[in-house]
Every structure is written in structure tokens, then in C-alpha cells.
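Below is one structure, written out as C-alpha cells; comments come after it.
The values are calculated or read from the model by the stated rules, or taken from the named source; none is laboratory data. Keep in mind that this is a model prediction, so the values were computed, not measured. Cβ placement follows ideal geometry from the backbone for every residue including glycine, while neighbour counts extend to all protein chains displayed. Side chains included, ligands, DNA and RNA excluded: accessible areas come from the protein's heavy atoms. Shrake-Rupley method; radii C 1.70, N 1.55, O 1.52, S 1.80 Å.
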Amino acid sequence: MSDSSQEPLLQQLLKLHAFDQEISFLERELKRDQDGLLTAVEGVAGLKAELERIDSELLRLRADARTAEHNVDSKRDHLDRLRSKVNQVKTEKQYGAATLEFDLVKQEIRKLEDQVLEKLQVVEDLEGRRKALQDEFDVADAEVAPMGEEVEKRRANLEHELAIKRDRRDNIAIRLDEGVLALYDRIRSGRQEVALAPLTGEGVCGNCFTSVTIQQEMQIKGLAVIVCCEGCGVILYPGEMKGAP
Ligand SMILES: [Zn+2]
């Protein structure tokens, strides 16, 4: 008889468990793909927002630099007027006052010119940063669409595979003893995804390494009753039993 209902209960549970592990694996793959895509999309959006922030900052800084340049221009006009004034003075005293003012304005111009250079430097630095960011954005933005297509293709494949595995899993589950299935589901819904573990050659649980009694070992090997590990609660099966479907 090859009917699986004739298989030992543990063997059926092991098959169920193998499918459940594969299903969990595929579900994690799906989630990882979606998370990866989301991270990429958010990364592009973040770069775009940063570019917009820099653009408005640049507008402000350029206007600031232009204002500083205008200040220099009007100071230069002022200096021109003073120059002709110096040429027109009549007395030594007037001459002294005019040249003093002339020198002061010249000093102010130098200071303002330094400020203009500083402001232009800030603009240039930010333009450099913007260019690097734009390059980064272009690369990231170009990657998102193909990545989305790739993820979508993989999603379709993974979901197809998942549907098949879930179907096969349900076929096993439906023939299992209800009480045993409930026990299995309860163990699996806990903290750990593992519901079954082999009893090792040393007579310990393959999941948490808690020892079992000789009597339990006999029961496990006899396949007649379900024995749970007293350490971690998983159902134990003989180490030589293979669960792969
Ligand atoms: Zn254990």
C-alpha cells in the first residue's frame, strides 16, 4: 500500500513540516523582495527631496551673493564720487578729510569683496554637492523601474510556487488526525517556526538538546505515540527518518 494514510503519523507530520518550512521560506523571499523594492523607492524619493531642498537653498544663496555684489558696485560708485571730490578740494584740511573718507570706503570695498567671494564659494560648494547628488539620483532612479519589473516577475513565480506548496500541504493536513494537527499548529504558532526535531544519536532533542528518557526514546522510535520535547516542546521523531517530500 502506498496510500499515505498508511504511513506512520510522524512521517506524515514530517512531510507537512517540510512543506511548512518551504512555504515560510517562500513567504520570506516575497517579503524580502517587497522590502527591497520599498527601500529603493524610498531612497529615490529621499534623494529627490534633498535635491529640491538644495535647489531652494541655492536660489537663496545666489540671491544673497547678488545682493553682496550690488553692495560692492554701489560702494565703487561712492568711491568714484569721492575721487572727484578729492580732486576738487581747496584746502589742506579738506584734502585730509576727503582722503581719509576715500581710504575708509576703499577698505569697506575690500571687505565687501571678500564677502562676495565667500558667498560665491558657498554657492560653488553647494553646486558641487548638488551635482554629485544628481548623479546618485539618476543612477538610483534608473534602477527602480527594472527592479520593480524583476520583483514583479519573481512575485508571480513565488506565488505560483506557494500556491502549489500550500495545496500539497493542505492535502497532507486534511488526512491527519485532528488532535495531532492541532498540537502541531499550536507548536508552530509559538515563538519558533520549528515544530518537529530529530532525536539525535545521543538521545537528545535536535532543536534544544534536552535529553529524553529511555522510555520516551523507545516511544519515539516505535512511532506509535507523539512525544514532545520537555525542553522546547517540539515533536520528536527518530533521527534516521527523512522528512523531505
Ligand atoms: Zn527540545
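For the chain, compute Rh as the Kirkwood radius over C-alpha pairs and then the Stokes-Einstein diffusion coefficient at 37 °C and 0.692 mPa s; write the answer in µm²/s, rounded to an integer.
The calculation lands on 127 µm²/s.
In what sequence, largest accessible area first, do Glu42, Glu152 appear using a 1.4 Å probe?
Ranked from most to least accessible, the order is Glu42, Glu152.
For Asp170, what accessible area in Å² do you get when you roll a 1.4 Å probe over the heavy atoms of the protein chains, rounding to the nearest 10?
Spelled out: Asp170, probe radius 1.4 Å, area about 80 Å².
By its C-alpha gyration tensor, with a ≥ b ≥ c as the square roots of the eigenvalues, how is segment 100-245 shaped: rounded for a/c under 1.5, else prolate for a/b larger than b/c, else oblate?
Because a/c hits 1.5 or more and a/b exceeds b/c, segment 100-245 counts as prolate.
Order the following by accessible area, largest value first: Ser24, Ser189. Probe radius 1.4 Å; ligands, DNA and RNA are ignored. Don't skip to the end; give the middle numbers.
Details: Ser24 10, Ser189 90 Å².
Result, largest first: Ser189, Ser24.
Counting only protein heavy atoms and a 1.4 Å probe, tell me what percentage of the chain's accessible area is made up of carbon and sulfur.
It is 53 percent, rounded to a whole number.
Could you check the spin-label model distance between Leu133 and Ala224? Points 7 Å from the Cα along Cα→Cβ, value in nm.
So the two model labels end up 7.5 nm from each other.
Given the protein chains as shown and a 1.4 Å probe, how many square angstrom of Lys85 are accessible, to the nearest 10?
Estimated to the nearest 10 Å², Lys85 gives 100 Å².
Label points 7 Å out from Cα along the Cβ direction at Phe25 and Asn87: separation in nm?
9.3 nm
Using the 4.7 Å Cβ rule, please list in number order the cysteines from the chain without any candidate partner.
By the Cβ distance rule, which asks for a partner under 4.7 Å, the isolated cysteines are Cys228.
For Phe102 and Thr213, compute 0.36 nm times the residue count separating them, minus their Cα-Cα distance, and round to one decimal in nm.
29.4 nm
In square angstrom, what is the accessible area per residue of the chain with a 1.4 angstrom probe?
Roughly 64 Å² per residue, with all protein chains present.
I'd like the accessible area for Arg129, computed on protein heavy atoms only with a 1.4 Å probe and all protein chains in place. Round to 10 Å², please.
We get 120 Å² for Arg129.
Let me have the 222 nm mean residue ellipticity of the chain computed from DSSP H runs of 4+ only, each contributing -39500 (n - 2.57), with the sum over all residues rounded to the nearest 500.
-28000 deg cm²/dmol
Nearest 20 debye, what's the magnitude of the dipole of the chain about its Cα centre given +1 on Lys and Arg Cβ and -1 on Asp and Glu Cβ?
Its charge dipole is roughly 880 debye.
So how many Å³ per residue does the convex hull of the Cα atoms of segment 182-238 work out to?
Cα convex hull per residue, to the nearest whole number: 65 Å³.
Where Lys and Arg each count +1 and Asp and Glu each count -1, what net charge lies around Arg28 among other residues with Cβ under 12 Å from its Cβ?
Numbers: positive: Lys31, Arg32; negative: Glu22, Glu27, Glu29, Asp33, Asp35, Glu193.
Cβ neighbours under 12 Å give a net charge of -4.
Can you bin segment 1-95 into rounded, prolate or oblate? Criterion: square roots of the alpha carbon gyration tensor eigenvalues sorted a ≥ b ≥ c, rounded for a/c under 1.5, prolate for a/b above b/c, oblate for the rest.
prolate
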